[in-house]
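The values are calculated or read from the model by the stated rules, or taken from the named source; none is laboratory data. Nothing here was measured: the structure is a model prediction, and the numbers come from that model. Ideal geometry is used to build each Cβ from the backbone, glycine not excepted, and the neighbour counts take in all protein chains shown. Side chains are part of the model used for accessible areas, which takes the heavy atoms of the whole protein and leaves out ligands, DNA and RNA. Shrake-Rupley method; radii C 1.70, N 1.55, O 1.52, S 1.80 Å.
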Amino acid sequence: MRPYNFSAGPAMLPVEVLEQVREELIDWNRSGASVMEVSHRGAEFMRLAAQAEQDVRELLGVGADYEVLFMQGGASAQFALVPLNLTAPGSRVDYIDSGYWSKKAIAEARRYLDVRIAAATDGTRVPAQDEIDLDRRASYVHYTPNETIGGVEFPYVPATGSVPLVADFSSSILSRPLDVSRFALIYAGAQKNLGPAGLTLVIVKKALLGRARPETPSVFDYRRIAEERSLLNTPPTFAWYVAARVLQWLKKHGGLEAMAQRNEAKAGALYAALDASALFKSHVAPASRSCMNVVFSTGSAEIDAAFIEAAAAQGLMHLKGHRAVGGMRASLYNAMPLEGVHALVEFMREFERVRA
Ligand code: PMP
């Protein structure tokens, strides 16, 4: 059996998809070549790309008034590309600061915009709706629905009135159904719930296209990318192909409703174990607990390190927390089976029992 991989990203992929990729690696679609070895402009690849877009639209219920783009540069590139594509220099925007990744987005946006912080927390919880102080004249509001490092997740979509809402869904995209119509723009690096690193998903309202600043690189201009069906230049074809297989896997396994149920069962089991433990603790406010990234610790760096090492020896891999917060982090993306969480919970109990 493969070990359980709790990595925060790049993260575990469904083994069914990996097996299919292996199967098709040398001879893709009876073309006599690997998908890596053929033109992105060939009929076969264009078909795959169109199907992937269709599957994103179907899974998330994306309306015809949105473009679905497959880009490069990761979510970090979007920190700059959102300002460059949507705003004129000096525009005022609101950002919600809920931790590490929102701070990164804010720092990058400040290079291009007049950024105001609409709400900020200490990173152990997300702000409540009534703590968010919005500027009606802001060009957009940006937030991070799931903070991968802090392990906090918004249990609601902020209401922003007529101000467009922009969200970095890198670590929770496709983990549950989403009302896309609430958003002006959604972006997500692929390497957690969608596929290998190298691909970035952007879902943007068509009405917002065509505003890019003149200095925006053409390959990062949303409108140009939309016009070229995300094939403006050579895309990361292999990553795109694997993502396409993951999307098919999601559809085959019940879509996002089924993922939401599984993900809640997984996170629920782990948080219940943390609440029942005298050794392991979560410092995240219960209402802000992330379903994808469960952050916890024993309060002792030494015991944490011993736990991480002992867990790895049992095939429970990559539980080390991010260096910014220490402790442990178990990432429970779609590909993690419930059995993986049960194995972790059982091991935590055993570790605690032996130490007591
Ligand atoms: N935002 C969030 C919420 C993330 O989790 C990450 C990656 N861990 C990033 C942004 C940065 O993504 P990338 O490495 O794709 O630029």
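Regarding region 106-128, can at least one residue be identified that is assigned to a helix (DSSP H, G or I) and within 19 Å of the chain's Cα centre (by Cα)?
Checked against the condition, which is being assigned to a helix (DSSP H, G or I) and within 19 Å of the chain's Cα centre (by Cα), region 106-128 yields at least one hit.
If a residue has to be within 23 Å of residue 240 (Cα to Cα) and assigned to a helix (DSSP H, G or I) to count, how many in region 65-84 make the cut?
Within region 65-84, residues that are within 23 Å of residue 240 (Cα to Cα) and assigned to a helix (DSSP H, G or I) number 9.
Just the residues that are of a type outside the set (Val, Ile, Thr) and within 12 Å of the ligand (Cβ to nearest atom), please, taken from region 196-207.
196, 197, 198, 199, 201
Which of (1) under 26 Å from residue 184 (Cα atoms); (2) outside the structural domain of residue 289 (by TED's automatic domain parsing) is the odd one out, the single condition residue 260 does not satisfy?
(2)
Given (1) out of contact with any Pro (no Cβ under 9 Å at 6 or more places or on another chain); (2) crowded, with 18+ Cβ neighbours inside 10 Å; (3) among the acidic types (Asp, Glu), identify the lone condition not met by residue 153.
Failed condition: (1).
Being surrounded by 23 or more Cβ atoms within 10 Å (Cβ to Cβ), modelled with pLDDT of 95 or more, of a type outside the set (A, V, I, L, M, F, W, C) and within 19 Å of residue 155 (Cα to Cα): is that true of residue 331 here?
yes
So, in region 184-215, how many residues would count as being within 17 Å of residue 59 (Cα to Cα) and without any contact (Cβ under 8 Å) to a residue 24 or more places away in the chain?
Total meeting the criteria: 1.
In region 212-252, which residue that is acidic (Asp, Glu) and surrounded by fewer than 17 Cβ atoms within 10 Å (Cβ to Cβ) is nearest to residue 87 (Cα to Cα)?
Of everything passing the filter in region 212-252, 215 is nearest to residue 87 (Cα to Cα).
Every residue in region 277-313 that is touching a Lys or Arg at 6+ places or on another chain (Cβ under 9 Å), hydrophobic (A, V, I, L, M, F, W, C) and within 20 Å of residue 124 (Cβ to Cβ), please.
Residues satisfying the conditions are 279, 284, 285, 287, 291, 292, 294, 295, 296.
Give the number of residues within region 99-150 that are within 12 Å of the ligand (Cβ to nearest atom), open to solvent by 40 Å² or more (accessible area, probe 1.4 Å) and more than 14 Å from residue 82 (Cα to Cα).
3
Quick check on this structure: which one of 243, 287 is in contact with a Pro (Cβ under 9 Å, 6 or more places away or on another chain), outside the structural domain of residue 193 (by TED's automatic domain parsing) and touching a residue at least 60 places away in the same chain (Cβ under 8 Å)?
Residue meeting the stated conditions: 287.
Could we say that residue 10 is in contact with a Gly (Cβ under 6 Å, 6 or more places away or on another chain) and outside the structural domain of residue 176 (by TED's automatic domain parsing) here?
So residue 10 does not fit the description; no.
Among what's in region 1-30 and is surrounded by fewer than 11 Cβ atoms within 10 Å (Cβ to Cβ) and not in a helix (DSSP H, G or I), pick the residue that is farthest from the ligand (Cβ to nearest atom).
Among those that are surrounded by fewer than 11 Cβ atoms within 10 Å (Cβ to Cβ) and not in a helix (DSSP H, G or I), it is 26.
Would you confirm, using the coordinates I've provided, whether residue 153 is over 28 Å from residue 256 (Cα atoms) and within 11 Å of the ligand (Cβ to nearest atom)?
Against the criterion (over 28 Å from residue 256 (Cα atoms) and within 11 Å of the ligand (Cβ to nearest atom)), residue 153 does not qualify.
So for region 80-95 (the condition being in contact with a helix residue (DSSP H, G or I) (Cβ under 8 Å, 6 or more places away or on another chain), within 14 Å of the ligand (Cβ to nearest atom) and under 18 Å from residue 148 (Cα atoms)), does at least one residue qualify?
Taking every residue of region 80-95 in turn, at least one turns out to be in contact with a helix residue (DSSP H, G or I) (Cβ under 8 Å, 6 or more places away or on another chain), within 14 Å of the ligand (Cβ to nearest atom) and under 18 Å from residue 148 (Cα atoms).
All but one of (1) modelled with pLDDT of 95 or more; (2) over 22 Å from residue 235 (Cβ atoms); (3) open to solvent by 20 Å² or more (accessible area, probe 1.4 Å) hold for residue 90; state the number of the condition that does not hold.
(1)
Specify the residue that is farthest from residue 69 (Cα to Cα); the eligible residues are those in region 41-52 that are within 28 Å of the chain's Cα centre (by Cα) and open to solvent by less than 30 Å² (accessible area, probe 1.4 Å).
Looking at residues that are within 28 Å of the chain's Cα centre (by Cα) and open to solvent by less than 30 Å² (accessible area, probe 1.4 Å), I get 45.
Restricting to region 157-192, name every residue that is polar (S, T, N, Q), open to solvent by 10 Å² or more (accessible area, probe 1.4 Å) and in contact with a Gly (Cβ under 9 Å, 6 or more places away or on another chain).
Residues satisfying the conditions are 170, 181, 191.
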